[in-house]
Every structure is written in structure tokens, then in C-alpha cells.
Amino acid sequence: MVVIVQHSVRDFDAWKPLFDEHGDVRRRHGATGHEIYRGIDDPNDITIVNHFPSKEQAEAFAADPSLKEAMARGGVMSEPHLTWAEETETAEY
């Protein structure tokens with residue numbers, strides 16, 4: 001399952017090292033990987049796809065108190081929009 005997180009950051013280059021630093025917390029909650037996407041019109045609009053084995057592990061990560069603190073230090077400017085999803089199909093062209 002994945003958690004898709006969308007939010008705006010003040011400066012991607014300042015945010016990214018803090019995101020990387022917080023990777024140990026994601027792994028502690030069972031995360032198995034992620035992808036990061038940047039907006040074409042605004043590269044500080046970020047979409048992160050975090051992979052977790054279960055919704056319970058993803059929810060535990062989202063509730064971890066260190067996440068809010070890391071987001072503040074990283075310059076997250078907007079309230080994150082979360083979408084919980086299960087993979088239905090993958091195709092390559």
C-alpha cells in the first residue's frame with residue numbers, strides 16, 4: 001500500500017536533506033521505499049509516494065510526533081494532503 005503526500009515547501013533544496021534524515025523513522029515504521037515528484041509549474045510543490053506493507057504501519061508513521069517536527073524544520077508551508085491507496089495495476093510503455 002502507499003501513502004501519497006502532497007504539500008508545498010519553502011525551498012526544495014533545503015527540504016530534501018531533512019526528508020532524507022527522517023528516513024530512519026520511515027523505515028522503523030516499516031516503509032519499504034518512496035518516490036518524490038516535483039511540480040512542473042512550481043518545483044516546491046512536492047508529491048511523495050511512501051510504500052508500506054500495511055495501512056497500520058503507514059498510519060503509525062503519519063502519527064509519529066517526529067514527523068511534524070521534521071516537516072517544520074524542512075520548511076513545509078502547507079497542511080499535507082494524504083491519500084491512502086492500494087496498487088491496482090502497474091504498466092510500462
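Nothing in this text is a laboratory measurement; each read-out follows from the coordinates by a stated rule. Because the structure is predicted, anything quoted here is derived from the model rather than measured. Glycine also receives a Cβ, built like all others from the backbone with ideal geometry; neighbour counts cover every protein chain displayed.
Going by the alpha-carbon gyration tensor, a ≥ b ≥ c the square roots of its eigenvalues, is the stretch 9-93 rounded (a/c under 1.5) or, if a/c is not under 1.5, prolate (a/b greater than b/c) versus oblate?
Working: a/c = 1.86, a/b = 1.13, b/c = 1.65.
Verdict is oblate for the stretch 9-93.
According to the square roots a ≥ b ≥ c of the eigenvalues of the Cα gyration tensor, what is the shape class of the stretch 8-52, taking rounded for a/c under 1.5, prolate for a/b larger than b/c otherwise, and oblate for the remainder? Walk me through the intermediate numbers first.
Numbers: a/c = 3.70, a/b = 1.72, b/c = 2.15.
Because a/c hits 1.5 or more and a/b fails to exceed b/c, the stretch 8-52 counts as oblate.
How much net charge surrounds Gly75 when only the other residues with a Cβ under 9 Å from the Cβ of Gly75 are counted, with Lys and Arg +1 and Asp and Glu -1? Mind showing how you got there, number by number?
Values: positive: Arg10, Arg73; negative: Asp11.
It works out to a net charge of +1.
With only Lys, Arg, Asp and Glu charged, each at its Cβ (+1 for the first two, -1 for the last two), find how big the charge dipole of the chain is about the Cα centre; round to the nearest 20 debye.
Values: 9 positive and 18 negative charges, 72 e Å.
Computed charge dipole of the chain: roughly 340 debye.
Tell me the mean residue ellipticity at 222 nm calculated for the chain from its helices only (DSSP H runs of n ≥ 4, each -39500 (n - 2.57), averaged over every residue, nearest 500). Can you show the working numbers first?
Details: 4 runs with 34 residues, N = 93.
Mean residue ellipticity, 222 nm, calculated: -10000 deg cm²/dmol.
By the scheme Lys and Arg +1, Asp and Glu -1, what is the net charge of all other residues having a beta-carbon under 11 Å from that of His29? Don't skip to the end; give the middle numbers.
On the way: positive: Arg26, Arg27, Arg28; negative: Asp24, Glu56, Glu59, Asp64.
Value of the local net charge: -1.
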